[in-house]
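The values are calculated or read from the model by the stated rules, or taken from the named source; none is laboratory data. From a predicted model like this one, the values you see are computed outputs, not experimental measurements. Cβ atoms come from the backbone with ideal geometry, glycine included; neighbour counts cover every protein chain shown. Side chains included, ligands, DNA and RNA excluded: accessible areas come from the protein's heavy atoms. Shrake-Rupley method; radii C 1.70, N 1.55, O 1.52, S 1.80 Å.
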Amino acid sequence: MHSKLGGDYIFDTQYLRMATQDMEDLVRKLIGAMDSMTPGKYIGLYSSLRDISKNIQDELAGHPALPDRLIIPFSETTSKDYDLVGAKSYNLARISNELEIRTPAGVSITTRACKEYMESNDFNKRISAIKHECMAGDKPLDQASAEISELILSGTLPPEVRKALNEIKDQLSITPDKGPGLAVRSSAWGEDGNNSFAGIYESLINVQPDRLHEAYKKVLAAIYTPAAIRYRRRLNYRTRETLMAVSFQTMVDAKCSGVVYTLSPTAPRDNTVIISSAWGLGSSIVAGESATDQFFISRENPYRQRAASIQRKEKALRINPAGPGTIEETVPEELQTKSSLNAEEIDTLVKTALRLEQYFKKPQDIEFAFDQNGELIILQSRPLHIQSQVDEPSESLLKELKNREKILSGKGDVAQQGIASGKVYIARCDSCFTDFPSGAILVVHHSSPSFAAVLPRAAGLIADVGSPLGHLATIAREYRVPALLNTENATEILSPGQVITMDAEQKTVYSGILHELHLYQAERECIDETYEYRLLKRILRQVEPLNLFDPSDSNFTPAGCETFHDITRFVHEKAVEELIEINIGTSLDSSSPNGRLQLPVPLDLMIIDIGGGLNNIEPETKSGRYGRKIIEQDQVLSAPMSAFIEGVTIAGVWQSSPVPVDFSSFMSSMTRTISPQHAVSTNIGRNLAVISNNYSHISLHLGYHFTIINCYVSDNPADNYVYFRFAGGVTDAQRRSRRARFLSEVLARLDFSITVREDLVIARAKKISDNDIMYRMRVMGVLVAYSRQLDVSMIDDSRIGSYANDFNELIKDRIQTTIGG
């Protein structure tokens, strides 16, 4: 199911219903098999399955499954809270909690609170009725929007939601009539996720403690602005997906603020970080309403400045000390032409921005502020949409362009490359756009987000004033609308109805239509996320997350299973214990083909033979500690198991001596193996192999890492496969990620198909010859031995490739020379 998220498959809700039903049936059979092995012992698994299945069915029926939590501090936000707090607040919480980068202290009033507010006031039916009239053409969108917003503002807060709002002051230690108020910001479903919703929803600044209830309703009401409705309609958001979390954040008394792009959205090959900044608060910067300094910084260490543009900044927004809102102040004369960022601040900002990009695995659009003490605070971070480079015009076309009348040339900043032709439409911020002709060139003075509603219908955008880092520029890139900002006087030079062609890349506006130039226009890409895609992501949150890692944890119980993955993990661990108890822990006849494998490395591995996997020599069979049978290496007949053993026992690869570790890494999962002399009966069975003559299922729990190697080998390549799964660990997330990338690189060189998600690595090789399968199983053995203590050494990214190269040389040499290829 997860592979469908890659975009290579087309699927509908019927597929989701069938796939989830198949999964539920399989998990139920798994529980049934466990219950047959241990009657009644883990009966609570059925209750967990019922709860998870109900959540999935609710999602399929259009009723999002939301936990019963109304308020969540940023400091307590985890990945399980994503749907409750929305992407914008979730990202901020991750930045603070996981990266320890300073963000405003904050609290989320969740989407569950929004759902309860709407349902307790019976708004959903009334909103649906108004929307139906609008869709039928009986009511203009603006009127429908106004009626819905008025409806939401008039609602009564349920007691539980009112209580949650009243807790905010205590949570954030806000004292009435003392100090600034709070920033109240939207965090809707989808906002700052794959779609930005930049400038679409409401944010309120410096809200006083006694006005939080009112501010909360205002942000909820902004769900149904005309721009928001159009945006969601384009993305096919359903009514029940229209859920809003609202964050309440401490205000930052900003010395200066701005926006940073970790990569140029229009010229990514330049490898440049772009910063736009000004004195005071940053809301006017993202709205494209104020003059800003711009800095172009190399992404390569030591992050040298390539260019800078320092503007006269006469005004600055400040927190209104009398509250609420902001006030505009005149910037002191000596600061108006001074850079709003010094060299040290630029260096700190660039390093932090690139760190965020690395963490989120995508280029980032970041809002920031430096407070009066010069400390950096990240206000927002979301994915940055990058435009592919367009082809260069041919020499013949360039020659023809020289003869064309140029109305504007060489002026402005490119927000989105591309070419557009059409009639000029000069708009004001208060324009209603009812007469906006589809395909016109939108020309404005300020690049205000208020123009976002009309942008999908525009062929191009030209602005006198505006930042390529502002909200409208973000929307232009999402819609692939060519956009040229900061042209200074386009509204004066261009006339309403005038036919023009704009070449945003060349910063040129020509008179008339140039058909030849359109041959070079970049094709617009569809950025739609379908309803089915979003539904699948939500369903997978009931399936994929693994919350049960360590069997010794108190939550490692049937009731602790919150996902299908948890149930399968629980059953697997307990099945290993029960199989060991049945096959090893009890008194067995000496001919029983099960026991502990004797190896020259400290891998405490129990083997259970299900048919032809062992050659049991009865008279000489020895017993180990606790009455367990000892199985010698030469008794293993299973082809894939023998190959694994050959690899894992290569001399010198398995390091048994302890390695020095720092405190954060001392529990590195690859450094802990239960030694035979210290093992007790309750620990037996941590590592298990179920084998037959041509099959092996190897389950290893080394320290806090979980490895599964599943293999079938035969003369028929169509039946052959090797499956490798690795997850877990308790070192920091960065080292776990590096280890996963090392494993991925190693396995990719062996033609495995790889899936990597954080510290989870899944690799598959199938439909290959038996010789190729056996070779890969030997590599699996070497990999287990080689990587068991590697975690501690993964101190920086350079080690990934270095160790992968070392491993590649190792298997090239040792497997071929020691084993014979």
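The range 310-353 and the range 709-753 have Cα centres lying 51 Å from one another.
Summing +1 for each Lys or Arg and -1 for each Asp or Glu among the other residues whose beta-carbon sits under 11 angstrom from that of Thr272 gives +2.
The tail of the calculated P(r) for the range 302-425 beyond 26 Å holds 49 percent of all Cα-Cα pairs. For the pair Asp253 and Ile513 in one chain, pulling the backbone fully straight at 0.36 nm per residue adds 88.7 nm over the alpha carbon distance.
The 1.4 Å probe gives accessible areas that order Phe726, Phe11, largest first, as Phe11, Phe726.
Distance between the modelled labels on His572 and Glu119, one decimal in nanometres: 3.5 nm (7 Å Cα→Cβ projection). What the phi angles of the range 450-456 give under the Karplus curve with 6.51, -1.76 and 1.60, with θ = phi - 60°, is a coupling list of 5, 8, 4, 4, 9, 4, x Hz, glycine and proline written as x. Remark: spin-label model distance Leu398-Ser36 equals 7.5 nm, labels positioned 7 Å along the Cα→Cβ axis. By the Cα gyration tensor, the range 48-112 has an equivalent ellipsoid whose semi-axes, rounded to whole angstrom, run 27, 11, 9 from largest to smallest.
With the simple spin-label model, which puts each label point 7 Å out from Cα in the Cβ direction, the Asn547 to Ile10 separation comes to 3.8 nm.
Sequence-ordered 3J(HN,Hα) estimates for the range 62-68 from the Karplus curve with 6.51, -1.76 and 1.60 and θ = phi - 60° stand at x, 10, x, 7, 10, x, 7 Hz, glycine and proline given as x.
Computed over protein heavy atoms with a 1.4 Å probe, the carbon and sulfur contribution to the accessible area of the range 264-321 reaches 42%.
For the range 84-144, GluC sites (Glu not before Pro) meeting the loop criterion (DSSP other than H, G, I, E, B) and having at most 12 other Cβ atoms within 10 Å: Glu100. When the surface is traced with a 1.4 Å probe over the full set of protein chains, His572 keeps roughly 50 Å² accessible. Once all protein chains are placed together, Tyr721 keeps about 80 Å² accessible to a 1.4 angstrom probe. Taking a point 7 Å out from the Cα of Ser75 in the direction of its Cβ, the residues of the range 96-116 whose backbone N falls within less than 19 Å of it are 96-110. Accessible surface of the range 37-180, 1.4 Å probe: 49 percent of it comes from carbon and sulfur atoms.
Residue by residue, the range 69-84 carries 3J(HN,Hα) couplings of 10, 9, 9, 9, x, 3, 5, 10, 6, 10, 4, 5, 9, 3, 5, 7 Hz when phi is fed to the Karplus relation 6.51 cos²θ - 1.76 cosθ + 1.60 (θ = phi - 60°); x denotes Gly or Pro.
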